[in-house]
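After the structure tokens below, expect a handful of questions from me.
The values are calculated or read from the model by the stated rules, or taken from the named source; none is laboratory data. Everything numeric in this text was worked out from a predicted model, so none of it was measured. Here the Cβ is made from the backbone with ideal geometry for all residues, glycine too, and neighbour counts use every protein chain on show.
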Amino acid sequence: MLDLTGKNALVTGIANNRSIAWGIAQQLHKAGANIGVTYLPDDKGKFEKKVAELVEPLNPSIFVPCNVQDDDQVQAAFDTVRDKWGKLDILIHCLAFAQKEDLTGSFANTSRGGFTTAMDISTYSLVKLCGAAQPLMTDGGSIVTLTYLGGVRVIPNYNVMGIAKAGLEMSVRYLASEMGPQNIRVNGISAGPIRTLASSAVGGILDMIHHVEEVAPLRRTVTQTEVGNTAAFLCSDLSSGITGQIIYVDSGYEIMGMG
Ligand SMILES: NC(=O)c1ccc[n+]([C@@H]2O[C@H](COP(=O)([O-])OP(=O)(O)OC[C@H]3O[C@@H](n4cnc5c(N)ncnc54)[C@H](O)[C@@H]3O)[C@@H](O)[C@H]2O)c1
């Protein structure tokens, strides 16, 4: 049975009720996990209030700011986990960012700053969060990140984010190899296209969704809940033999040769 009772799960990347991280947090909570939430702080605190209201039904015992570009904030978030929970069992890395101008048009014209920002927030952040989580995962653990087919194949307009996702997927393998002896598993979910705040920055996202609805074996795209269910599986003992893998939750689109 899928049971996460007594497990402490820290979820990053909830922005609103469309966020994939929100779908994941709900499924982890349903399976009995104790939830902690990090949010990206903004100057006016508006974001904090919105996310706090959304996650209230999950009774998060931790709710802390964590801009992954700020080392001090990352450390403070994990210090809170250590002080309140003592140990961490589950980490959900569900965030990414690239400048809008780098998610359309010419990849060859990506600026150095745009490239660096995308890699820092979308790829390096997994390494950083895993490094901070490792000493707290004293009973082993499960770490799950979110990736997309554009990190393996060329998808129009995905551009710099495709390079970031390729780096993210390779990071999953290196991290899994290094943390495996401590029984910490690291896996990625490659989700099909879903309308969210982040995906709406990718040029032509609606066309991508319609294309998937036409050619994917299941003739539809996926929901946040379906991704959440797979994440719950990857965080549970049911997946105890799986690490370093990228699991496609995409209605089967990835297998198609004439997609
Ligand atoms: N939506 C899709 O079609 C799709 C498909 C496959 C993979 N993904 C991946 O899923 C993950 C979640 O994206 P989403 O689609 O749910 O969109 P979203 O906009 O709901 O989530 C993106 C999150 O990243 C956070 N973020 C951005 N910069 C940050 C920073 N510096 N520090 C901390 N957090 C930061 C935002 O606050 C937000 O919560 C991303 O990794 C995305 O690439 C999305």
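Output yes when any residue across the range 2-15 is over 23 Å from residue 186 (Cβ atoms) and within 16 Å of the ligand (Cβ to nearest atom), and no when none is.
The answer is yes; a qualifying residue exists.
Tell me the residue from 86, 114, 32, 36 that is among the small types (Gly, Ala, Ser), without any contact (Cβ under 8 Å) to a residue 60 or more places away in the chain, touching an Asp or Glu at 6+ places or on another chain (Cβ under 7 Å) and closer than 29 Å to residue 6 by Cα, please.
The unique qualifying residue is 32.
Yes or no: residue 127 surrounded by fewer than 18 Cβ atoms within 10 Å (Cβ to Cβ), of a type in the set (A, V, I, L, M, F, W, C) and closer than 23 Å to residue 171 by Cβ?
yes
Just the residues that are over 14 Å from residue 211 (Cβ atoms), part of a loop (DSSP other than H, G, I, E, B) and touching a Ser or Thr at 6+ places or on another chain (Cβ under 7 Å), please, taken from the range 236-257.
The one that is over 14 Å from residue 211 (Cβ atoms), part of a loop (DSSP other than H, G, I, E, B) and touching a Ser or Thr at 6+ places or on another chain (Cβ under 7 Å): 244.
State which residue is nearest to residue 14 (Cα to Cα) when the search covers only the range 76-109 and only residues that are under 19 Å from the mean Cα position of the chain (by Cα) and not hydrophobic (A, V, I, L, M, F, W, C).
93
Only one of 188, 167, 162, 203 is small (Gly, Ala, Ser) and in a loop (DSSP other than H, G, I, E, B); which?
Just one listed residue meets the conditions, 203.
Next question. For the range 171-183, does any single residue satisfy the condition of being aromatic (Phe, Trp, Tyr), on the phi < 0 side of the Ramachandran plot and part of a helix (DSSP H, G or I)?
So far as the range 171-183 goes, yes, one or more of its residues are aromatic (Phe, Trp, Tyr), on the phi < 0 side of the Ramachandran plot and part of a helix (DSSP H, G or I).
If I ask for residues that are surrounded by fewer than 19 Cβ atoms within 10 Å (Cβ to Cβ) and hydrophobic (A, V, I, L, M, F, W, C), which ones from the range 209-232 would you list?
Residues satisfying the conditions are 209, 215, 218.
Could you tell me which numbered condition residue 41 fails, if it satisfies all but one of (1) in contact with a Leu (Cβ under 7 Å, 6 or more places away or on another chain); (2) at pLDDT 95 or above?
With respect to (1) in contact with a Leu (Cβ under 7 Å, 6 or more places away or on another chain); (2) at pLDDT 95 or above, residue 41 is out only on (1).
Collect the residues in the range 171-194 that are under 19 Å from residue 128 (Cβ atoms), away from the ligand (no atom under 16 Å from the Cβ) and not β-branched (Val, Ile, Thr), keeping them in residue-number order.
Hits for the range 171-194 are 173, 174, 176, 177, 178, 179, 182, 185.
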